[in-house]
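Peer 1: My structure is below; once you've seen it, I'll send some questions.
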Amino acid sequence: GTFFDITVMKPIFIGIAGGTGAGKTTLCVALQNKYSDTVGLLQLDDYLKPPIEALKVEGMTNWEHPDALYFDKLEKDLSEFSQGHSVVINTKNELLQPDYREPDIDQYQERVPVEFKPKPIMLVEGYLVLFDKRIRSFFCTSIYLDVDHGMRLVRRVHFMTPEYEKKVLIPMHEKFVEPTKQHAEYVIDVSNLTKEQVLEKVEKIILAFL
């Protein structure tokens with residue numbers, strides 16, 4: 001017989017994409033709460049570069065550009081998870097921080113190191129998770145939450161200025177985020193759906209993998 005444990009947890013990765021304010025985090029946190037033993041969550045926001053390394057647009061930090069993200073580090077972490085290893089990630093994941101408040105954008109780097117263990121299903125959530133083909137290659141399936149710009153902005157008011165919205169957010173969304181929709185296996189129009197209805201639709205997709 002063998003002397004090593006062959007029952008290493010090899011997670012199934014599912015990409016959850018969509019523009020800012022589409023409800024990605026709300027959805028993923030709800031799934032993680034409901035299926036805490038089964039569903040883990042990685043957030044692309046935890047791979048944002050510090051402001052000093054990010055591109056600027058007329059003096060504003062451009063958080064919407066792919067170059068604002070450490071895709072190499074995300075690929076490395078997904079690779080570790082896929083081999084059943086735990087990974088330490090500096091995170092602002094609200095589930096791991098009881099005093100969590102939606103941060104101001106300049107506090108994005110204020111995170112805490114947390115050890116993430118692989119779970120049977122690992123959701124990988126973020127506006128550009130379908131942008132990099134190396135990251136896409138890990139996904140068993142992917143879901144894009146689609147909603148028009150006006151509605152998304154209503155939901156994302158914590159730091160947005162009209163200038164940032166006009167000069168950074170909208171052009172970057174159109175250039176980089178919107179085109180990634182073609183890579184999603186499921187595109188769900190969430191404009192007229194409640195959070196509960198979105199959860200129900202995505203649950204059906206995800207639970208099929210268990």
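The values are calculated or read from the model by the stated rules, or taken from the named source; none is laboratory data. All values reported here derive from a predicted model rather than from experimental measurement. Reconstructed Cβ throughout: ideal geometry from the backbone, glycine too, with neighbour counts over all protein chains shown. The protein model used for the area step is the full one, side chains on, heavy atoms only, and it has no ligands, DNA or RNA in it. Shrake-Rupley method; radii C 1.70, N 1.55, O 1.52, S 1.80 Å.
Peer 1: I'd like the Karplus ³J(HN,Hα) series for region 66-73: coefficients 6.51, -1.76, 1.60, θ = phi - 60°, whole numbers in Hz, and an x wherever there's a Gly or Pro.
Peer 2: Each residue's phi maps through the Karplus curve to give x, 5, 7, 10, 8, 5, 4, 5 Hz.
Peer 1: Near Thr180, within a Cβ-to-Cβ distance under 13 Å, what is the net charge of the other residues, with Lys and Arg +1 and Asp and Glu -1? Display every interim value, and only then the final one.
Peer 2: On the way: positive: Lys24, Lys133, Arg136, Lys175, Lys181; negative: Glu64, Asp132, Asp146, Glu174, Glu178, Glu185.
Net charge in that neighbourhood comes out at -1.
Peer 1: In the full protein assembly as shown, how much of Glu185 is accessible to a 1.4 Å probe, in Å² to the nearest 10?
Peer 2: Roll a 1.4 Å probe over it and Glu185 shows about 120 Å².
Peer 1: Amide H of Asp146 versus every other amide H placed in the peptide plane: which residues, excluding those fewer than 5 positions away on the same chain, fall under 5 Å?
Peer 2: For Asp146, whose amide H was placed from the backbone, the distant partners under 5 Å are Ile188, Asp189, Val190.
Peer 1: How high is the FRET efficiency between Tyr70 and Lys175 when r is their beta carbon distance and R₀ equals 30 Å, given to the nearest 0.05? Don't skip to the end; give the middle numbers.
Peer 2: Numbers: r = 20 Å, r/R0 = 0.67.
Step by step, r from the Cβ atoms, then E = 0.90.
Peer 1: Val57's amide H: which non-local residues (gap 5+, or another chain) put their own amide H closer than 5 Å, with H modeled 1.01 Å from N in plane and none for Pro or chain starts?
Peer 2: Asn62
Peer 1: Could you put Met60, Met122, Met151 in order of accessible surface area, largest first, with the 1.4 Å probe and the full protein assembly present?
Peer 2: Details: Met60 30, Met122 0, Met151 60 Å².
Ranking Met60, Met122, Met151 by accessible area, largest first, yields Met151, Met60, Met122.
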